[in-house]
Amino acid sequence: MAKNLISKYIWMVDTIEHYGSITRERLSKLWEKSDFGNGNPLPRRTFFSYRNGIADTLGIDIEFNKSTYEYYIAHDGSEAASKRQQWLLDSMSISGMVSSSADLSSRIILENVPSAREFLPLVVDAMRDNKCLQFSYKSYMRVNRQQGIVLEPYFVKIFKQLWYVIGYNVKDKMIKTYSLDRMSDVIILDKTFMMPPHFNPEEFFAECYGITSSKGEPKRIVLKVEPTQAKYFRALPLHPSQREEIHDHYSLFSYKMFNTYDLRERLLSHGSQVQVLEPPELKAQIINELRASLNNYDS
């Protein structure tokens, strides 16, 4: 689909979302003043064409209120769908803002997400048609590249500027996670698959931080956080289970989640501002990592 058409979709959705609800006449006048309208109103036929295109392409429904003659964005009632839709709307809003500020491009700096450019569209296409992917993979933990991996792609997730595909490895008969930036020779196979009826992508990493999962039971994790750093934890919670207990000179943040590599890496990045109190095994792992780091400077 033409990039310019997607940009028009983004403008239309973002404008309706901004106003909450809006008449077609008001939307037409705003279109007339936009870069897309070039001084011309939005034709009725074009409006309805875009409305259908937005529903088909972006999965966003623009509903009509017969009592007010206004259009509005319909939000799904489920929490997971609402999160996805809000993420899409936020992303589109930012995209629209950047596109309309070309003259300020040198002053708007965005994070680079290299893994999205080459293979993400291919993975999404395979997911949409429930078709298997075949690819080669260069793991950081292996010397040789794995070839001919066949995967049933269940869902994708972004973490620390990298996109990951999570799915069922046909040969190993288990669910695995692959980073798109380490994949090559990716093709979509004719072989189709069925998603497990009770599999829920939201629940797969629900008790994890990051992209690594774990077996067993999640642990109660308690962190002692300095006051300044605690403000960042409040603004961007480490995990949905986060609870805070405020004291005079520190805060205690508690969680229920797995002890994973991604979590330990995140905690170590805070240095002396964060102290692990529970569980004992996580505290010991952090201490060992800190001692190993100090040994690098003593040698």
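For the reader, a short list of remarks on this structure follows.
- Restricting attention to the stretch 165-214, the residues being in contact with a Phe, Trp or Tyr (Cβ under 6 Å, 6 or more places away or on another chain), part of a strand (DSSP E or B) and among the polar types (S, T, N, Q) number 2.
- Test for residue 214: is it outside the structural domain of residue 164 (by TED's automatic domain parsing) and at pLDDT below 95: yes
- Screening the stretch 136-164 for residues that are assigned to a strand (DSSP E or B) and free of Cβ contacts under 8 Å to residues at least 40 places away in the same chain and picking the one that is surrounded by the most Cβ atoms within 10 Å (Cβ to Cβ) gives 151.
- Residue, surrounded by the most Cβ atoms within 10 Å (Cβ to Cβ), within the stretch 1-47, restricted to residues that are part of a loop (DSSP other than H, G, I, E, B) and over 30 Å from the mean Cα position of the chain (by Cα): 42
- Any hit, the stretch 289-298, residues being over 30 Å from residue 170 (Cβ atoms) and in contact with a strand residue (DSSP E or B) (Cβ under 7 Å, 6 or more places away or on another chain): no
- Residue 208 meets all of the listed conditions (1) under 21 Å from residue 258 (Cα atoms); (2) modelled with pLDDT of 95 or more; (3) hydrophobic (A, V, I, L, M, F, W, C) but one, namely (2).
- Residue tally, condition more than 16 Å from residue 67 (Cα to Cα) and either in contact with a Lys or Arg (Cβ under 8 Å, 6 or more places away or on another chain) or modelled with pLDDT under 85 (or both), over the stretch 14-31: 4
- Close contacts from the stretch 48-74, counting a first residue that is surrounded by fewer than 17 Cβ atoms within 10 Å (Cβ to Cβ) and a second that is of a type outside the set (A, V, I, L, M) and not in a helix (DSSP H, G or I), with Cβ to Cβ under 6 Å and a gap of 6+ residues or different chains, come to 55/61; 63/72; 64/71; 69/23; 74/61; 74/63.
- Number of the exception - residue 252 against (1) within 30 Å of residue 132 (Cβ to Cβ); (2) not in a loop (DSSP other than H, G, I, E, B): (1)
- Complete set of residues in the stretch 226-274 that are out of contact with any Asp or Glu (no Cβ under 6 Å at 6 or more places or on another chain), more than 18 Å from residue 285 (Cβ to Cβ), among the hydrophobic types (A, V, I, L, M, F, W, C) and surrounded by 15 or more Cβ atoms within 10 Å (Cβ to Cβ): 230, 233
- Test: residue in the stretch 248-259 that is more than 27 Å from the chain's Cα centre (by Cα), acidic (Asp, Glu) and at pLDDT 95 or above: no
- Qualifying residue in the stretch 259-267 (condition: touching a helix residue (DSSP H, G or I) at 6+ places or on another chain (Cβ under 7 Å) and assigned to a loop (DSSP other than H, G, I, E, B)): yes
- The one condition in (1) part of a loop (DSSP other than H, G, I, E, B); (2) modelled with pLDDT under 85; (3) touching a Phe, Trp or Tyr at 6+ places or on another chain (Cβ under 9 Å); (4) not aromatic (Phe, Trp, Tyr) that residue 116 fails to fulfil: (1)
- In the stretch 215-242, the qualifying residues are those that are over 29 Å from residue 177 (Cα atoms) and assigned to a strand (DSSP E or B), and the one that is farthest from the chain's Cα centre (by Cα) is 224.
The values are calculated or read from the model by the stated rules, or taken from the named source; none is laboratory data. Please read these numbers as outputs of a predicted model, since none were measured by experiment. Cβ sites come from the backbone with ideal geometry, for glycine too, and all protein chains shown count toward neighbours.
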